[in-house]
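Encoded as structure tokens, the structure appears first; notes follow it.
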Amino acid sequence: MRHSTPEPGFTLIELIVAIFIFSVIGVASTSILSSVLDTNEFSLQRSEKIAELQRGLLFMSRDLEQIVPRGIRDELGSSLPPVMGDEQVVEFTRTGWNNPLPEMFLRSDMQRVRYSYEEGSVMREYWQVLDRAQDSQPIRTEFIPGLTNFAIRYFDSVDKAWLSYWPPFDPERKNDLPQVMEILIESEDYGEIRRLFGVTG
């Protein structure tokens, strides 16, 4: 009587072990892929926030470095100095406001601008006119969101001191310009950033 030789193959236990190993590899691969995708998404979001901050600071520098000594009149006819502000709000007159259609719209190349810190964001406002009427309304834009702090300082070239307000208390210096303005920005994403902007006038 002949005995058949068993053909080589996998036993049930070997199959179960193989399936278990492949399952573990699959779960690990999925976890690694998910981690890589999360890291890429985080890096992309961080890059977008940094790019947004850089654009905001560039725009701000164009405003601050073109400040001119031109006061205005507000909605009630009161005189306002060329630059006025405190630690979290600054309003000023700047030049260099481009007019793409001068033949159709006659206006000054000067612009009144205000920056303010409101609920974690820097807001930029500007007016279409310098000397305002009672119905003059600013155009508002959220400029740099997601901040934990925003502060402004003004360097007084006469007293050689940093001030947390402008203009100085001396009434005769109402129309003076600060020599330098310092902007402090803080965020959980990129920490503390300080920028100095020269005011040429």
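No lab work stands behind these numbers, since they all come straight from the coordinates. These figures come from a predicted structure and were not determined experimentally. Glycine gets a Cβ as well: all are built from the backbone with ideal geometry, and neighbour counts include every protein chain shown.
A crude spin-label estimate for the pair ASP109 and GLU75, with each label 7 Å from Cα along the Cβ direction, gives 3.1 nm.
Summing +1 for each Lys or Arg and -1 for each Asp or Glu among the other residues whose beta-carbon sits under 12 angstrom from that of SER61 gives +2.
Sorting the segments 183-194, 58-69 by their mean number of nearby beta carbons within 10 angstrom, highest to lowest, gives 58-69, 183-194.
For the pair ILE139 and ARG62, the difference between a 0.36 nm per residue extended length and the Cα-Cα distance amounts to 25.9 nm. The residue among VAL83, PRO145, GLY191 whose Cα reaches farthest toward the positive pole of the charge dipole of the stretch 62-198, with charges on the beta-carbon of Lys, Arg, Asp and Glu, is VAL83. Here is the P(r) of the stretch 62-198: all C-alpha pair distances, binned every 5 Å from 0, give 2, 10, 18, 22, 20, 15, 9, 4, 1, 0 in whole percents.
Along the stretch 189-201 the Karplus relation, 6.51 cos²θ - 1.76 cosθ + 1.60 evaluated at θ = phi - 60°, assigns HN-Hα couplings of 7, 9, x, 9, 10, 10, 10, 9, 10, x, 9, 7, x Hz to successive residues, with x for each Gly and Pro. Counting charges near MET123 (Lys, Arg +1; Asp, Glu -1) among other residues having Cβ under 11 Å from its Cβ returns a value of -1. Placing a pseudo-label 7 Å from each Cα along the Cα-to-Cβ vector at ASP131 and SER157 gives an inter-label distance of 2.8 nm. Counting neighbouring beta carbons within 10 Å and listing from fewest to most, the residues MET181, MET84 come out as MET84, MET181.
Rounded to the nearest 0.05, what FRET efficiency do PHE20 and ILE50 have when you use their Cβ-Cβ distance and R0 = 41 Å? Display every interim value, and only then the final one.
Details: r = 45 Å, r/R0 = 1.10.
Efficiency, rounded to the nearest 0.05: 0.35.
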